[in-house]
Amino acid sequence: MRIVVAGASGFIGSALVPELRTAGHDVRKLVRRAPISDGEYRWDPPAGIIADGALDGVDAVVNLCGSSLNGRWSDARKQAIRDSRIEPTEVLAEAVVRQGIASLCNASGVGYYGNTGDIAVDETAGEGAGFLAELCADWEQATKPAREAGARVAVMRTGLVLSGGGGLLKVLKPLFRAALGGKLGEGRQYMPWISLPDEVSAIRFVIEHPEISGPVNLCSPNPVTNAELTRALSRAVERPAPWFVPKSALRLVLGDAADEMALTSQRTLPGVLTGAGFGFRHTDLDAALADVV
């Protein structure tokens, strides 16, 4: 297949591109700087511009664009987070329509479900409440032109990606190695994790299986609580993690983001992937951490 990837230089995209090429796919990358190698094409989402020829003969577009959610969410920061996701999606969805491309595989997040508490949810669950839920719903809605034009659209709702070189562990690993790790609040909130190898394999699986469309949860079939993650990471780095961060301290540092990211509970299950026969490499958290830490 000929595949175009937007967001190819990001944490997930930089792992996905070599995975796809190793599998024999012809991969093009959309970049916002001047192209420096074969297979790179310039684009400018705010201006709605994609370089001529970038989408010629393409079978699938993969959109992984989106700025980091870390830090406090001022009104300006929230708008920047929205723009970094929705604007590129609108541009690519319209391009898929113009070019008659068969598939659009677009990033989204499990934040769509809001706080589910102890209730396990799969892709059949509805939209939750809060900034992230509204963001993910609008992000997915931006694919509507492609869907209405008859393209196959899959929205990939990713959980917390575990990798030694980025994502959640990039923040937590130094703290735990310094014996400063601990649970967040009471630690009872569920965290829908997935290893980076499974994340990229799952995206490839979605690309290669045209029967998959609509929402797809990219997370392990075994979500764990924050307390369980804390104990597992403590074992992985062989350091104690006796501390806990009070909710009040998290809210003081992170503001609104504390309740929607650090303290929210999302017991999310990958119903579509499991039903389609996807084989996870890591279903056990300890084994996953042993590989990536």
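Quick note: the coordinates plus some simple rules give every number you see, no bench work behind them. Note that the structure is a prediction, hence the values are computed from the model and not measured. Every residue, glycine among them, receives a Cβ derived from its backbone with ideal geometry; neighbour counts consider all protein chains shown.
Hey, with R₀ at 25 Å, roughly what FRET efficiency would ALA290 and LYS170 work out to, going by the Cβ-Cβ distance, to 0.05? Could the numbers behind the result be given before it?
Details: r = 18 Å, r/R0 = 0.70.
So, using R0 = 25 Å, E works out to roughly 0.90.
Note: relative contact order over segment 36-90, using C-alpha pairs below 8 Å and six or more positions apart, is 33 percent. Considering only PHE280, LEU263, VAL91, and ranking their Cα positions along the charge dipole of the chain that arises from unit charges at the beta-carbon of Lys, Arg, Asp and Glu, the one farthest toward the positive end is LEU263. The residue among PRO240, ILE49, ALA102 whose Cα reaches farthest toward the positive pole of the charge dipole of the chain, with charges on the beta-carbon of Lys, Arg, Asp and Glu, is PRO240. Dipole magnitude for segment 1-71: computed about the Cα centre from +1 point charges on Lys and Arg Cβ and -1 point charges on Asp and Glu Cβ, it is near 200 debye. Take the Cβ atoms of GLU211 and ALA137, set R0 to 22 Å, and the FRET efficiency comes out at 0.35. Restricting the calculation to Cα atoms, segment 145-234 shows an Rg/Rh of 1.11 when the hydrodynamic-style radius is the Kirkwood one. Given R₀ = 45 Å, FRET efficiency for ARG33-ILE119 by Cβ-Cβ distance, to 0.05? Here the calculated transfer efficiency is 0.50. When you filter the GluC sites (Glu not before Pro) in segment 204-265 for DSSP loop state and at most 11 other Cβ atoms inside 10 Å of their Cβ, you are left with GLU211, GLU238. The chymotrypsin sites (Phe, Trp or Tyr not before Pro) found in segment 151-202 include none that occupy coil by DSSP while having at most 12 further C-beta atoms within 10 Å. Of all lysines in the structure, the ones whose alpha carbon falls short of 24 Å from that of LYS173, not counting any fewer than 8 places away in one chain, are LYS183, LYS247. Under the convention that each Lys and Arg Cβ holds +1 and each Asp and Glu Cβ holds -1, the size of the dipole of the chain around its Cα centre is about 880 debye. Multiplying the residue separation of THR283 and ARG98 by 0.36 nm and removing their Cα-Cα distance gives an extension gain of 62.6 nm. Measuring between alpha carbons in the structure, the pairs from LYS78/LYS170; LYS29/LYS170; LYS144/LYS170 lying more than 29 angstrom apart are LYS144/LYS170. Charge dipole of segment 1-132 (Cα centre as origin; +1 on each Lys and Arg Cβ, -1 on each Asp and Glu Cβ, all else neutral): 460 debye, rounded to the nearest 20. When the charge dipole of segment 137-293 is built from unit charges on Cβ atoms (+1 for Lys and Arg, -1 for Asp and Glu) and taken about the Cα centre, the candidate among LEU180, LEU252, MET156 whose Cα reaches farthest toward its positive end is LEU180.
Would you mind ranking ASP75, ASP122 by Cβ crowding within 10 Å, fewest neighbours first?
In increasing order of surrounding Cβ atoms, one gets ASP75, ASP122.
Pairwise Cα distances in the chain exceed 31 Å for 27 percent of all pairs. A straight line joining the Cα centroids of segment 226-250 and segment 1-79 runs 35 Å.
Using only the C-alpha atoms, the convex hull of segment 160-293 corresponds to 101 Å³ per residue.
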